[in-house]
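Here's the structure, in structure tokens; my notes come after.
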């Protein structure tokens, strides 16, 4: 009994003193391993309930962080032991402050140096057999726990306000285990709630994780020191795994604030990036099967920089959609899902990295800037892979860019809006792109472009559509191209000039490939070219329509039909004989040239025999037509007064124009000149294909001649006071040589000498004043008809104004004048002659010398056969009221011979004969009187025939007694 009692007392004493022993041993252990001060208020063991409690453990050491444990409580379930189960009903840990620190090479847990526990040798673990005992935890509770980690490159701090674990039993694998945590990690509030079944083969878990601005750099700095940012999450993660197969799902939101990446060359910053949505990951034997997400990604004020070469700013980025990634054999095999992307406030700046190495002023010229207020893309995505390489892509592009701006030192491009919609399919073969199929439609609004401050282009709107059918990238081919554009303006800025102003542009059914470019129809409307603001355009065209365009191999262009309607063209010739509109265009275009350093001459490449030459470019136009009202206004200030005329082409048709063939091109023209003159022309001709052959017929009716008076004054020396002209021409062109006839009819033509050098030159060429020629040629109705031959070579540079004038003067007017006079004085016109020059005419007093009126020798009696001749002259003078006739009597050697015997006889009969000298003087006096009497006789006879005296002019006779050929008579000259 005493023994039993003694045993009981010893056990009771041991049970009672065990907590104190434990306390003392813990304190001693702490002091023996680095703690200078250690205290342990209490250890309670409740044997009946199986509870152990530790209260207020403290350990301190100078220079070392403290260790604090406020309360530890563990409760064991005794009855479960009989079932070989270790069931911990409760674990409570609260008011703990501790952590792991490194000082020098030693690692410390509070004041305890952990480095002294390192074993010199490894102890082999004995082989263990599976135990029949099972462990279970009913409840674990953590409260007010502060844990820190302070070692190089790793500084963490976790404050747990409340944490718990419940229902984890090895003997009940289907039990649902809960884990909760509410605290602060590295200054960020963290909340974790899990509901899991972690023990069976089929593991399931639901995790709810809430982070509030968790600093990523606090844990990632050792590995990625370039990264900073704070992470905020509100996620629910569901795990359902059987072995290494199953699914991981998530839903909720993740945001990243203050994100920054500062690398050696690249810097990225994003103040706020947020993902909201859900997603799944499916595994099979640890290999990815599918990854799917459905939600939205938002970001704002994104900034990316690469030194001074690249800067990208995005004020807002939103992505919304669903993506499904499919994997096969651990490689991606497909991507599918709808997409919706919106980018606002895009700014991109890129510089040439070599620009900094040169002069400072080159950096700006090599900087490219692109801005856009908004970019959106909507459309599904379907992409298949094979062997990890892309195989096929199918998507629907709905891209819209608002207010894009592209700039560098030479280029400034801005648009109000640009949109692209298209079904897109791309196929790959291996790692090479095989074909592209698409139906793109591109729409742009209000485009403005300025190039180098010299050229400006503005476009109101444009819409282009096309079709690509399995197009190889190496052989691009685009079908069914259509284009609609409006309000196109092209202007030169340095020397301000509007090059082009186009109301609309349309293209239908176009095609493009490397070897062929074609279009069914191309239409331009309301076209204006070459003008300054507020001034008249050089050309205005209502509509231009081209049909059946085909360009093959960039060497042969064929157009089936060109139609031009309602045009107006202005041409102004300057005083220096330049064309004002062409001069201003040339001056303006010269400002587009940019001075570039001359290139070094390339070394001549050795020629090889038999090398093929590039084919020459040729063009063919099947038909050209002009309809409507087509005005050509001409002002020529190189003549005085200025010449002004308006030509209206009513209809023009030209066929079969070909630069590559010597083929005749039929043409037909109807036009009016200055409203009343009518012009028609037809024929067929070839000037482009090399043959220079053809034929033509031209008619001009009712042309008012005073209009061309400035040219007549300049080139002929006579102003055309009045008159009309009918002109017809026909002829042929053979091998560049002209042959034909021009028929000219001049109605009521009146001229006035300009009294210039041209007047003298023309008179000298014509050998008479133009007024005289007109008077000779005009019929009773004041009309003149001329036939003027056409001859000469197209290659003769003298075939111009002066050649035409010379032909008119020497061949036209002279021939017509001779013809008229010969017929008018028939049969007395054989002796008609013209003065060879104007000087000779002035000397003789007549430009045209008619046959003389014969007189009987030594008398003033007209020969008997002259009556009919004088009658013909009278009729001609009455029919040509503009003619003036010089009547010059003469006395000749034959008269002297006839009168000399009579004078000698008379002299001998005198009382005192005259000496020879005085007798000769008397003979000359009588001959002079005879010559004057003869002139008076012819004048009287013409007056008797009703020729007005004011058109008959006498002249002082000049005797010629040495010429044996002269006959007695009167010389008549016009």
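Coordinate-derived values only; no laboratory data. Everything numeric here is computed off the predicted structure, so don't read it as measured data. Cβ coordinates were reconstructed from backbone atoms using ideal geometry, including for glycine residues, and neighbour counts include every protein chain displayed.
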At 1.567 mPa s and 4 °C, Stokes diffusion of the range 852-973 via Kirkwood alpha-carbon radius, µm² per second: 84
P(r) weight above 15 Å for the range 415-462, C-alpha pairs, percent: 63
Debye log10 I(q)/I(0) for the range 631-751, one point scatterer per Cα, at q = 0.15, 0.19, 0.21 Å⁻¹: -0.83, -1.09, -1.15
Relative contact order, percent, the range 201-299 [alpha-carbon distance under 8 Å, six or more residues apart]: 23
If the convex hull is drawn through the Cα atoms of the range 488-542, its volume per residue in Å³: 107
At 1.002 mPa s and 20 °C, Stokes D of the range 273-343 from Kirkwood alpha-carbon radius, µm² per second: 151
Extension reserve of the residue 400-residue 253 stretch, reckoned as 0.36 nm per residue once the Cα distance is removed: 50.1 nm
For the range 201-299, convex hull volume per residue from C-alpha positions, Å³: 125
Ranked 74, 654, criterion: other C-beta atoms within 10 Å, fewest first: 74, 654
Segment residue 878-residue 213, extension gain: residue separation times 0.36 nm, minus the distance between their alpha carbons: 227.2 nm
Spin-label pair residue 662/residue 44, simplified geometry with 7 Å Cα→Cβ offset, distance in nm: 12.8
Relative contact order, percent, the range 852-973 [alpha-carbon distance under 8 Å, six or more residues apart]: 50
Calculated P(r) of the range 462-553 - Cα pairs past 19 Å, %: 53
Distance cut-off 22 Å, percentage of C-alpha pairs in the range 34-123 lying past it: 48
Additional length obtainable on full extension of the chain from residue 681 to residue 392, 0.36 nm per residue less Cα span: 97.7 nm
Label zone at residue 903, where the point sits 7 Å out along the Cα-to-Cβ direction: the range 853-868 residues whose backbone N lies under 14 Å: 858-859
Inverse mean reciprocal Cα-Cα distance (Kirkwood Rh) of the range 408-519, Å: 16.1
Three-way shape label, the range 280-430, alpha-carbon gyration tensor, a/c 1.5: prolate
The range 421-552: relative contact order as a whole-number percent, Cα under 8 Å and 6+ apart: 16
